[in-house]
Amino acid sequence: MTEMPKHDLIVTIVKKGWCERIIKASREAGAEGATIIPARGLGIHEQKKLLGIPIEPEKDIILTIIQNHKTENVLDAIIKAGNLNKPATGIAFVIELKQVVGIVHMVKALALEQEQKEQ
């Protein structure tokens, strides 16, 4: 049986409209895809009001499952694409995943790769 490599989850939260550039950069760095979740949030740099009513800016949450040996490259690409080293642009963090299921295409590719090495 093919042993699955370890995976990480990169969570990126950016202003609405920035997700496409984040996903493009992460795919170029080795990610295979992402899930986008629309959200609302309020950070210390975004406390704005309109007629005394607080406005909650719209955000995009981008979830990217990645093999852990690719995590640093993909995270670096996300930081650059989203300008995350500047204030009020967003946040990204990595969560180590204990187990991942449902990525059948990756299991098949890994099995084929191991089979070719054995020949």
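Points to keep in mind about this one:
- A straight chain from Thr35 to Val101 at 0.36 nm per residue would run longer than the Cα-Cα distance by 22.2 nm.
- Burial ordering of Val100, Val14, fewest other beta-carbon atoms within 10 Å first: Val100, Val14
- Of Arg27, Arg40, the sequence from fewest to most neighbouring Cβ atoms within 10 angstrom is Arg40, Arg27.
- Between Arg27 and Leu9, the modelled labels are 2.3 nm apart [label points 7 Å from Cα along Cα→Cβ].
- Other residues with beta-carbon under 13 Å from the beta-carbon of Ile37 carry, at +1 per Lys or Arg and -1 per Asp or Glu, a net charge of +1.
All of the numbers you see were taken from the coordinates with simple rules; none came from a lab. Quick caveat: nothing in here was measured; it's all calculated off a predicted structure. FYI the Cβ positions are ideal-geometry reconstructions off the backbone, even for glycines, and counts take in every protein chain you see.
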